[in-house]
Amino acid sequence: MLTVTNLSLRRGERLLFTTLNFQLPAGALLHVRGRNGSGKTTLLRALCGLLPIEQGDIQWRGQTLTSLAEDYYQDLFFLGHLNGIKGDLTALENLRVAGRLTHNFATEIELQTALNTIGLMNCSDLPTRILSQGQKKRVALARLIFSRAALWILDEPFTALDIEAVALVQQLITNHIKNGGSVILTTHQEVALTSGTLHQLDLTDYSPVCTNLNPIHYTTSHSDLLSC
Amino acid sequence: MLDSFICILARDLRLALRRRTEVFTALLFFIIVVSLFPLGIGNDQAILRQLGPGVVWVAALLAAMLALERLFAADYEDGSLEQLLLTPQPLAWLVFAKIIAHWLLTGLPLVIIAPLIAMQYHLSASATHTLMLTLLLGSPILSLIGAIGAALTLGLRGGGILLSLLILPLYIPVLVYGAKAVSVSSTVASAGQPYFLLLGAELLLALLLAPLAAAAALRIALE
């Protein structure tokens, strides 16, 4: 359960949004929306504890991020705009390093399966720098398959992916939610969810320019297929 | 925790083996600079013996500086550094692994090549011995202190120049102790001892504080 209370964030001189409140229970997906530059990435990075908070509080399972420190990262999976893979290592080596560092002792078979699932078995022994953008993204996303983190924070996970891969990632997200995990993502694409709840958060509503003090309104729904 | 240390160390060494040119630049630079002096000064043994320790140490300092900029830059650019910050490990510990890998690739080769360098300056056996020992004690300090500078200047434009301005003053004690130890031990073999102790003390201090400081600087760099 992630709880955000009264959050304000600043990027340089500019105040991005103020008094943001939301709760993300287990088994739910939060789709963060907003126009370019509204602070989606900044919000996600703040939720990861990478940015100092201007005002307010972020709590994970009742404890603030600062008091949790490294323990929080046991439960967190983050994928930002950068893939975080080394170009001189092969896809398999990249996954092996990621597995060892996140403390989940993924076996060699699990890693192979992850690569297989994401459709990179043919290029598993090539250095990732010669792969295409989409394939690099797939390597980064393959970590999702063997991740044991409860909270996934994904910044634009669908960019550069083909239709097939988008469907696969959506399936992974759905399974994760079904197993009681939480997901926060930003995307300009449609998000389909077959189980669990889908929350939406539009950052434009919290922009200080509007000076509106309307209460939080995100739509909650349990429908079979939701488009947003 | 040891596993994550070994993981980062092995990863960085493996990456270096696949990018050999970057690794050997520092070593080649060191060899070339040190070899230029005897050519420029001439073959007067007494003068070379006197200049040798200082020249070798200055060259070692500059060679260490040369490789520093890349210490965190590659990880910063491809997003691996962000992922390192988000692993359930103390960041200072992972940074320490990166510094050790950096030292193994840029510092240790200087220690190994030192006897050959000493021959160019006609250093005595005991002075050569001292030179290797001081480099062994001093070069990790260069990597450790340098890591703080590299982390502080990460992502800045013109970071290279700033890095030199920031770090070279902090290198001065290492240079003074290292060069002095070699020059005094060429007359009396055991006279270098106080300098060894000073270098050792500085190494311990750097081992303790540098990874913590570099980790804090990295967190700021990634904000």
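Numbers below:
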{"read-out": "Inter-chain Cβ neighbour average for residues A:74-86, partner chain, 10 Å", "value": "4"}
{"read-out": "Reciprocal of mean inverse Cα separation for the range B:2-221 (Kirkwood radius, Å)", "value": "17.9"}
{"read-out": "Average beta carbon contacts from partner chains per residue of B:75-82, 10 Å cutoff", "value": "6"}
{"read-out": "Packing-based order for B:183-193, B:127-137, A:81-91, using average beta carbon neighbours within 10 Å, highest first", "value": "B:127-137, A:81-91, B:183-193"}
{"read-out": "Spin-label zone in the range B:76-114 - amide nitrogen under 18 Å from a point set 7 Å from the Cα of residue A:103 along the C-beta vector", "value": "B:83-95"}
{"read-out": "P(r), alpha carbons of chain A - 5 Å bins starting at zero, rounded %", "value": "1, 7, 14, 18, 19, 16, 12, 8, 3, 1, 0"}
{"read-out": "Residue mean of other protein chain beta carbons inside 10 Å, A:87-98", "value": "3"}
{"read-out": "Sorted by Cβ neighbour density within 10 Å, fewest at the top, the residues B:122, A:188", "value": "A:188, B:122"}
{"read-out": "Size-normalised alpha-carbon gyration radius of the range A:44-129, reference 2.2 N^0.38 Å", "value": "1.35"}
{"read-out": "Dipole-positive endmost among B:129, B:198, B:209 within chain B (Cβ charges, Cα centre)", "value": "B:129"}
{"read-out": "Inter-centroid distance (Cα atoms) of the range A:34-105 relative to the range B:168-223, Å", "value": "35"}
{"read-out": "5 angstrom amide H check on residue A:181, placed H, neighbours 5+ away", "value": "A:27"}
{"read-out": "Cα pair distances of the range A:87-148 binned at 5 Å [whole percent]", "value": "4, 22, 36, 24, 12, 3"}
{"read-out": "Chain A - mean residue ellipticity at 222 nm from DSSP helices (-39,500 (n - 2.57) per run, n ≥ 4, rounded to 500)", "value": "-9000 deg cm²/dmol"}
{"read-out": "Helix A:133-146 axis, angle to chain A major axis (alpha carbon atoms, nearest 10°)", "value": "80"}
{"read-out": "Sequence-distant lysines (8 or more away, or on other chains) whose Cα lies within less than 22 Å of residue B:98", "value": "A:86"}
{"read-out": "For the protein assembly as shown: span of alpha carbons on each principal axis (Å, largest first)", "value": "89, 50, 34"}
{"read-out": "Beta bridge orientation in the protein assembly as shown: antiparallel %, DSSP, nearest 5", "value": "45"}
{"read-out": "Chain B: DSSP helices with Cα axial extent of at least 27 Å and average Kyte-Doolittle hydropathy no lower than 0.5", "value": "B:20-41, B:45-68, B:125-152, B:159-185, B:193-221"}
{"read-out": "Net charge of Cβ neighbours under 14 Å - reference residue A:63; Lys, Arg +1; Asp, Glu -1", "value": "-3"}
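No value in this document is a laboratory result; all are computed from the given coordinates. Because the structure is predicted, anything quoted here is derived from the model rather than measured. Glycine also receives a Cβ, built like all others from the backbone with ideal geometry; neighbour counts cover every protein chain displayed.
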